[in-house]
Amino acid sequence: MDAQRWNRIQELFHEALALPESSRAAFLETACGADTGLREDVLAMLAEDGRPSVLARDAVEVAGELLPDAPPIATIGPYRLLSAIGRGGMGVVYLAERDDLGSRAAIKVLPNAWISAVRRERFALEQRALSRLVHPSIARLYDAGILEDGTPWFAMEWVDGEPVTAYCARRQPTVKSRLGLFRSICEAVQYAHQQAILHRDLKPSNIFVKADGSVRLLDFGIAKRLDLDDDTPDLTRTGVAVMTPAYAAPELIRGEPATVQADVYSLGVILYELLAQAPFVASTRRTADAAALMEPREARPPSGSPTRIEGPGRAAWADLDVLCLTAMHEDLGRRYRSVEALSRDVDRFLRDEPLEARPDEFRYKLRKFTARNRAPLLAAAAVAAALTALIAFFTFRLAVARDAAVAEAARAQRIQQFMLHLFEGGDKEAGPADKLEVLTLVDRSARDARLLAADPAAQADLFQTLGEIYHSLGKYPQASEMLDAALEKRRGLPNKAPALVAESVQAVGLLRLDQGKLDEAESLVRQALALAGSTLPKGHPGIDAATAALGRVLTDRGQYKQAIEVLEEAARLQAARAAPEQDTATVLIRLADAHFYEGDYDRAEALSTQVYDMYRRMYGEDHPRVADPVINLGTIASQRGQYALSEKWFRKAAEINRDYYGPDHPETASSLRGLGQALASQKRFDEAEPVLRQVLAVRERVYGPVHSGVANAVNSLAHVAQGKGDLVLAEQLFQRAADIYRKANGDEHHFVGVALANLAGVYLDKKDYARAERTLRGVVVRFQRVLPEDHFDLAVARVKLGRALLGLGRREEAARESSLALAALAKTAPESSWVRSAREDLVAARR
């Protein structure tokens with residue numbers, strides 16, 4: 001066998017070794033192509049590597065295999081185990097399913113936990129780390145517990161995907177697509193760092209890509225809390241096998257304290273592998289041996305690898321080399337200081353901008369030379385500067401001022417002419433200018449704005465404005481076209497302003513939110529906030545606007561506690577800069593929404609009343625902004641059982657929105673939905689039904705079939721059908737609402753639980769108490785994960801569960817649920833009809 005082939009076998013062996021066993025065959029099938037001999041050689045090496053000597057393994061691992069595992073079990077908590085999908089030093093992972101909810105999860109179990117206190121503590125640390133991390137690119141923690149024999153377990157999101165390297169090997173994406181995936185990975189790691197958690201075992205097998213291209217970060221088994229005291233013992237220094245040497249930072253292998261730069265190093269290795277191949281290999285699983293084999297380990301630039309991907313030119317490869325080698329630099333002073341710094345340079349590469357990290361050889365030597373010869377260099381520089389500064393300064397400033405004034409004057413003139421033309425008419429088909437409708441004017445403006453290609457800055461401003469107008473009019477396809485064009489133009493300007501780019505990114509993100517694309521919305525808004533925070537001066541209004549936008553997104557995602565924290569931060573930023581009153585009111589109404597969904601109706605009512613008074617003072621009684629706090633006040637009254645007051649508020653909001661937007665606008669539909677619910681709650685079902693059917697028609701036309709707003713309307717119509725006694729239709733509609741919520745917002749969203757609780761109410765009406773109990777048990781567990789213990793929706797679910805248990809003759813359990821419900825309702829909604837229901841059930845249970 002020649003040396004070249006042996007090197008190729010080694011490379012493939014180590015790349016496959018980093019993948020889960022289930023992914024190795026597919027990876028080698030792609031990598032080896034028609035060379036079956038090459039594939040068989042690598043498979044043989046993998047098989048041999050899988051049979052390690054007892055002497056080369058950890059005592060804990062050996063003891064765990066010599067001693068019997070926990071007896072096989074079919075269920076863990078509410079989960080039914082389907083199959084084992086992974087095993088390692090930190091436990092066994094099973095694929096499991098919940099029959100009551102029809103959802104799947106990954107269950108991690110620590111068998112033989114009694115063998116090592118260190119393993120138990122690290123297992124608990126992983127649970128605590130996951131509980132702090134709520135991010136779209138990090139696998140979520142669902143539940144946790146301990147089996148009867150003391151075996152700890154926790155349930156987390158099951159990610160149906162493949163390692164990022166296998167994904168790229170199979171699909172062969174472009175460089176920009178690979179960097180887009182890598183950027184998502186960086187966002188997840190940066191978020192973990194913001195929560196004071198280091199991952200410390202970043203590698204491709206811990207980063208999965210789903211079929212839709214979204215990324216999930218897995219396995220925080222050796223994560224470390226940054227906010228622990230320095231003298232807290234580091235569990236990774238025990239005898240249990242830990243980090244993967246091929247991806248671990250040199251300082252970790254040497255046993256030095258971990259910092260965020262250790263994760264930066266691992267990200268650099270992963271990026272290197274996505275562009276070429278794994279830069280380092282390790283033939284042993286023992287960290288100490290790996291350290292001896294891999295030091296020193298200076299990587300050659302990825303552009304020099306024979307397996308580098310095709311596509312980038314010489315200049316692009318020069319920047320990619322800098323990205324990888326700066327992230328992987330052994331000298332911490334010359335490595336990226338944070339994941340955010342690495343991400344910024346990735347963004348700069350994608351925008352064809354110069355990197356912040358230049359090739360470090362010249363710069364580093366120049367800095368060293370300057371440090372050694374500081375005094376003579378300063379003297380020489382002072383003489384040169386004195387001779388040239390005055391001439392250069394005034395010449396440059398005059399030229400810049402002249403050019404800026406000319407450009408600004410031309411831009412102002414173009415926009416002035418554009419606006420004059422807008423209202424001059426001139427379109428015979430559209431009619432005279434004084435008869436034109438708003439939408440006709442905006443459509444004509446969009447057409448004319450495309451003619452301003454000679455002035456891209458002015459054109460971008462007009463695209464942005466028209467896109468926001470389309471958005472407010474509920475014309476989402478046109479809004480998307482305009483806002484996407486504005487963003488593209490602003491990013492392409494030679495002297496682009498970060499504030500304008502951040503504004504465009506944020507506007508597109510909020511549009512995606514209203515379109516029901518929650519993952520994309522959160523990603524874009526976080527990008528806007530990161531860009532604003534890193535480029536705008538302290539106190540700039542763009543920072544608190546982006547912060548408030550993130551709070552709104554988190555509210556719609558059901559992450560109410562985080563949303564409240566973010567929105568309160570936006571309010572603090574506004575107070576610090578003495579923001580205009582209308583900006584303050586916008587943040588306060590979003591904060592009221594978050595408090596309402598969190599279950600704090602008093603705080604939500606106080607904020608909504610404050611904004612209501614502010615808007616009336618600023619805009620008058622009939623402005624559409626006034627309708628927002630009015631809708632909030634109507635919803636709060638409905639939750640408290642004050643249905644006549646709720647009807648009054650919603651009729652006012654519907655009148656305002658209908659007069660301003662017309663009958664077929666989503667804002668009008670929002671107020672009409674509340675009105676329909678208030679009528680149904682008063683058992684005026686014949687009045688409520690046509691109103692709610694109109695709401696559903698508008699939302700399906702504007703949003704499409706899969707959107708949270710559509711599910712809301714379906715849910716309200718189901719209540720009407722239930723009230724009219726049509727239980728078959730009610731069951732179908734509640735099930736449809738739950739399905740839409742699940743598709744639009746994700747299975748763990750609080751609204752899914754609301755729809756399932758409503759569905760269980762139909763089972764109660766049918767006296768199918770067993771089915772109602774099963775469903776409501778799952779709803780209570782679901783709500784306990786995401787809502788406070790005294791939340792209104794959790795209390796209502798307990799009322800229904802108590803009634804189901806009463807129907808089954810289980811009086812003690814029924815009394816317990818009814819008592820818990822009463823205690824919560826006494827705090828949140830003492831006037832609600834659910835209070836009376838809970839009391840009646842409690843009396844019946846104790847009779």
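Here region 676-822 is assigned +1 on the Cβ of each Lys and Arg and -1 on the Cβ of each Asp and Glu. Its dipole about the Cα centre then comes out at about 180 debye. For region 787-847, GluC sites (Glu not before Pro) are listed when DSSP marks them as loop and at most 15 other Cβ atoms sit within 10 Å of their Cβ; the list is Glu789, Glu831.
D for region 525-657, whole µm²/s, Stokes-Einstein with Kirkwood Rh over alpha-carbon pairs at 4 °C and 1.567 mPa s: what number? Rounded to a whole number, D works out at 85 µm²/s.
Backbone phi angles across region 743-755, fed through the Karplus curve with coefficients 6.51, -1.76 and 1.60 (θ = phi - 60°), yield HN-Hα couplings of 6, 7, 10, x, 5, 8, 5, 4, 5, 4, x, 4, 5 Hz in residue order; Gly and Pro are listed as x. Rounded if a/c is under 1.5, else prolate if a/b beats b/c, else oblate: with a ≥ b ≥ c from the C-alpha gyration tensor eigenvalues square-rooted, which is region 637-696? Note, shape of region 637-696 comes out oblate. Under the combined filter of DSSP loop state and at most 15 neighbouring Cβ atoms within 10 Å, region 701-767 retains these trypsin sites (Lys or Arg not before Pro): Lys766, Lys767.
Can you give me the C-alpha center-to-center distance between region 542-615 and region 155-213, rounded to a whole angstrom? The two parts, judged by their Cα centres, are 32 Å apart.
Each Lys and Arg adds +1 at its Cβ and each Asp and Glu adds -1 at its Cβ; summed about the Cα centre, region 554-603 shows a dipole of about 120 debye.
Any idea what diffusion coefficient region 659-750 gets from Stokes-Einstein, in µm²/s, Kirkwood Rh on alpha carbon pairs, 4 °C, 1.567 mPa s? Rounded to a whole number, D works out at 98 µm²/s. Charge tally around Gly86: other residues with Cβ under 12 Å, Lys/Arg +1 each, Asp/Glu -1 each, net 0. Translational diffusion coefficient of region 589-723 (Stokes-Einstein, Kirkwood radius from Cα pairs, 37 °C, 0.692 mPa s): 221 µm²/s. Accessible area of Phe208 (1.4 Å probe, protein heavy atoms only, ligands and nucleic acids ignored): about 30 Å².
The stretch between Gln582 and Tyr660 holds 26.2 nm of extra length on full extension. This uses 0.36 nm per residue minus the Cα-Cα distance. Note that region 533-681 presents 41 Å² accessible area per residue, ligands and nucleic acids not counted, probe 1.4 Å. Shape analysis of region 130-215 based on the Cα gyration tensor places the equivalent ellipsoid semi-axes at 28, 16, 10 Å, largest first.
For region 629-655 versus region 819-847, the spacing of their alpha-carbon centroids is 23 Å.
Note that region 148-165 has calculated 3J(HN,Hα) couplings of 4, 8, x, 6, x, 8, 8, 10, 9, 4, 8, 9, 8, x, 8, x, 4, 5 Hz, one per residue in order, obtained from phi through the Karplus relation 6.51 cos²θ - 1.76 cosθ + 1.60 (θ = phi - 60°); glycine and proline are x. Charges only on Cβ, +1 for Lys and Arg, -1 for Asp and Glu: so what's the dipole of region 559-640 about the Cα centre, in debye to the nearest 20? Computed charge dipole of region 559-640: roughly 80 debye. All C-alpha to C-alpha distances of region 771-820, sorted into 5 Å bins beginning at zero, yield P(r) values of 5, 25, 34, 23, 11, 3, 0 percent in whole numbers. The H on the amide N of Leu82, modeled in the peptide plane, is under 5 Å from the matching H of Leu95, Ala96, Glu97, each at least 5 residues off or on a different chain.
What the phi angles of region 551-559 give under the Karplus curve with 6.51, -1.76 and 1.60, with θ = phi - 60°, is a coupling list of x, 5, 4, 4, 4, 5, 7, x, 9 Hz, glycine and proline written as x. Remark: region 724-847 is approximated by an ellipsoid whose semi-axes, taken from the C-alpha gyration tensor as √(5λ), come to 23, 18, 12 Å, largest first. Calculation over all alpha carbon pairs of region 469-582 in 5 angstrom steps from 0 returns a P(r) of 2, 13, 20, 22, 21, 14, 6, 1, 0 percent. For region 701-747, with all protein chains in place and a probe radius of 1.4 Å, 54% of the accessible heavy-atom surface sits on carbon or sulfur.
The values are calculated or read from the model by the stated rules, or taken from the named source; none is laboratory data. All values reported here derive from a predicted model rather than from experimental measurement. Because the Cβ atoms are built from the backbone with ideal geometry, glycine has one as well, and the counts that use them run over all protein chains shown. Quick note on the areas: whole protein, heavy atoms, side chains included, nothing else; ligands and nucleic acids left out. Shrake-Rupley method; radii C 1.70, N 1.55, O 1.52, S 1.80 Å.
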